[in-house]
1. Ranking Ser78, Ser137, Ser121 by Cβ neighbours within 10 Å, fewest first, what do you get?
2. ³J(HN,Hα) across region 102-112 via Karplus (A = 6.51, B = -1.76, C = 1.60, θ = phi - 60°), whole Hz, x for Gly/Pro?
3. Which chymotrypsin sites (Phe, Trp or Tyr not before Pro) does region 79-128 hold that lie in a coil by DSSP with at most 16 other beta carbons within 10 Å?
4. Calculate the FRET efficiency for Tyr107 and Ser66 from the Cβ-Cβ distance with a Förster distance of 41 Å, rounded to the nearest 0.05.
5. Could you list which residues have their amide H under 5 Å from that of Trp84, counting only those 5 or more apart in sequence or on another chain, with H placed in the peptide plane?
6. Assigning unit charges at the beta carbon (Lys, Arg +1; Asp, Glu -1) and nothing else, what dipole magnitude in debye, to the nearest 20, does region 25-137 show about its Cα centre?
7. Under 19 Å from a label point 7 Å along Cα→Cβ of Val120: give me every residue in region 34-65 with its amide N that close.
8. Compute the semi-axes of the equivalent ellipsoid of region 25-137, taking the square root of 5 times each eigenvalue of the Cα gyration tensor, and list them largest first in whole Å.
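Where a number appears in this text, it was derived from the coordinates with a stated rule and is not lab data. It should be emphasised that the depicted structure is a prediction, and the values quoted were computed from it without experimental measurement. As a convention, Cβ positions derive from the backbone with ideal geometry for all residues, glycine included, and neighbour counts pool all protein chains shown.
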Amino acid sequence: MKKLLFIFIFAVAASLAVTAQTSNAFVAFVADTTTNAETEYLELLAPKAITLDYTVTLYVVPKNVSGTATVTAMPQWSPDKSLWFDLETTADTVNNAGTVANKAWTYPHAYGRYYRIKLVSTGEGVTSFTGKIGLKSKG
């Protein structure tokens, strides 16, 4: 009986741990860097498809390493990781010639199954980026 109770408690604890990693928690994007004029993407290392209706929050944290590049950030979603669609009508400037600003976007309903942040750099300079994505369950 003790063994059965232990297995039951372990199963419940394991299911809660899995939930905590996907819902009501934040997962870090893989850090990236833009150099001079280029396009990079903040993405998850191993993204999993979002299959339920969540509130999605995306954060980007830029750090000007050198130079005076201007970098814009655009959140994107995809149904299949091959076609990507912008979530905004215009990109937000997160590095303006060396002056950086953190940015967050919140969407009350998950539009797609996958998310990333597109970073477009112009000018000359290096900007490093970190960020994260959070899912909040509706229930």
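1. Ranking Ser78, Ser137, Ser121 by Cβ neighbours within 10 Å, fewest first, gives Ser137, Ser78, Ser121.
2. 5, 9, 9, 10, 10, 10, x, 9, 5, 6, x
3. Numbers: sites: Trp84, Phe85, Trp105, Tyr111, Tyr114, Tyr115; in loops: Trp84, Tyr111.
Here the chymotrypsin sites (Phe, Trp or Tyr not before Pro) that fit, given the DSSP loop and packing criteria, are Tyr111.
4. 0.80
5. The answer is none.
6. The dipole magnitude comes to about 360 debye.
7. Inside the label zone: 34-43, 60-62.
8. Semi-axes, largest first: 25, 13, 12 Å.
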